[in-house]
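Worksheet: the structure to be examined is printed underneath.
The values are calculated or read from the model by the stated rules, or taken from the named source; none is laboratory data. This one's a predicted model, so the numbers in the text were calculated from it and none came from an experiment. Using ideal geometry, Cβ is built from the backbone for each residue, glycine included, and neighbour counts are taken over all protein chains shown. Quick note on the areas: whole protein, heavy atoms, side chains included, nothing else; ligands and nucleic acids left out. Shrake-Rupley method; radii C 1.70, N 1.55, O 1.52, S 1.80 Å.
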Amino acid sequence: NAGVMQNPRHLVRRRGQEARLRCSPMKGHSHVYWYRQLPEEGLKFMVYLQKENIIDESGMPKERFSAEFPKEGPSILRIQQVVRGDSAAYFCASSPSNTGELFFGEGSRLTVL
Amino acid sequence: AQRVTQPEKLLSVFKGAPVELKCNYSYSGSPELFWYVQYSRQRLQLLLRHISRESIKGFTADLNKGETSFHLKKPFAQEEDSAMYYCALRTIQGAQKLVFGQGTRLTINP
């Protein structure tokens, strides 16, 4: 089992562009979580998804950010019209069930110029 | 709202000395508490959870509901314990998301 795979590992965007971050959970895992880590800060919960359903998006900014986890394919975190403040590391985690043990990816580092 | 506080961003101790990483939480319900660890160049991974009541790599943590704390302890630190440590809380009610503290960077000096 290759573990949680995130891509791209590094992404550079100019202000106003769109950023798409992908996360392939571990095989057999149907729960996906996205976290954001700003410089010098901890992990901030963004969204929790199960296949085709958003369970909790209370940590997601109301505008410009969206997430999905389709029946087939990876989970996608989409940021539209990026701004400099979106520069951060975005971590995806998955679990086979909601037990609190999360398996993390290596993160995607977004830099907005 | 649930919150996890790790008051120390950095903690440095000598090899062989005792280690205590502090974690306090606020949550109106009954929480589940976890410690996650990230070693250099590795992914964040689960270290231990309070319901297991086990010692992992010599570390233990006791949930103190009266003080709303879940401090991580090890009697004799080893150099390989140097890492970033995150305390996390999972809500029992609702969507059961995992909320993390800001993390403590532990450095063990030889």
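Some values worked out for this structure:
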item	result
Average beta-carbon neighbours from other chains, 10 Å sphere, peptide B:96-104	6
Average Cα contact separation per residue, chain B, under 8 Å, 6 or more apart, as relative contact order %	39
Average Cα contact separation per residue, chain A, under 8 Å, 6 or more apart, as relative contact order %	37
Surface share of carbon and sulfur [accessible, 1.4 angstrom probe, percent] for the range B:6-110	50
Sorted peptide list for B:8-19, A:41-52, B:63-74, criterion being average Cβ within 10 angstrom, highest first	A:41-52, B:63-74, B:8-19
Pairwise centroid distance, computed over Cα atoms, of the range A:1-54 with the range B:69-88, Å	26
Accessible area expressed per residue, the protein assembly as shown, with surrounding protein chains retained (probe 1.4 Å, Å²)	51
Listed residue pairs exceeding 31 Å between alpha carbons, taken from A:Lys62/B:Lys22; B:Lys22/B:Lys97; A:Lys44/B:Lys57	A:Lys62/B:Lys22
Residue mean of other protein chain beta carbons inside 10 Å, A:35-47	4
Relative packing of A:72-79, A:91-98, B:20-27, which averages over residues the other C-beta atoms within 10 Å, highest first	A:91-98, B:20-27, A:72-79
Chain pair A, B: total accessible area buried, heavy atoms, 1.4 Å probe, Å²	1700
All-pairs Cα distance distribution in the protein assembly as shown, expressed in whole percent, bin size 5 Å	1, 7, 14, 18, 18, 16, 12, 7, 4, 1, 0
Beta bridges per DSSP with both ends in chain B, % antiparallel, nearest 5	85
Complex-versus-alone comparison for the range B:12-45, residues with a loss of 40 Å² or more in accessible area, probe 1.4 Å	B:Tyr36, B:Arg43, B:Leu44
Computed log₁₀ I(q)/I(0) - Debye formula, equal Cα scatterers, no solvent, chain B, q 0.17 Å⁻¹	-0.75
Dipole magnitude of the range B:1-55 about its Cα centre (Cβ charges: Lys, Arg +1; Asp, Glu -1), debye to nearest 20	200
Where labels lie 7 Å past Cα in the beta-carbon direction, separation of B:Glu79 and A:Val83 in nm	4.7
Whole-angstrom Cα spans of chain A along principal axes, big to small	37, 26, 25
Neighbouring partner chain Cβ atoms per residue of A:52-59, average, 10 Å criterion	2
Residues of the range A:65-113 buried by at least 30 Å² on assembly (accessible area, 1.4 Å probe, chain alone as reference)	A:Asn98, A:Thr99, A:Gly100, A:Glu101, A:Leu102, A:Phe104, A:Glu106
Per-selection metrics, the range A:67-109 (Cα): Rg and Dmax in Å	12.7, 35
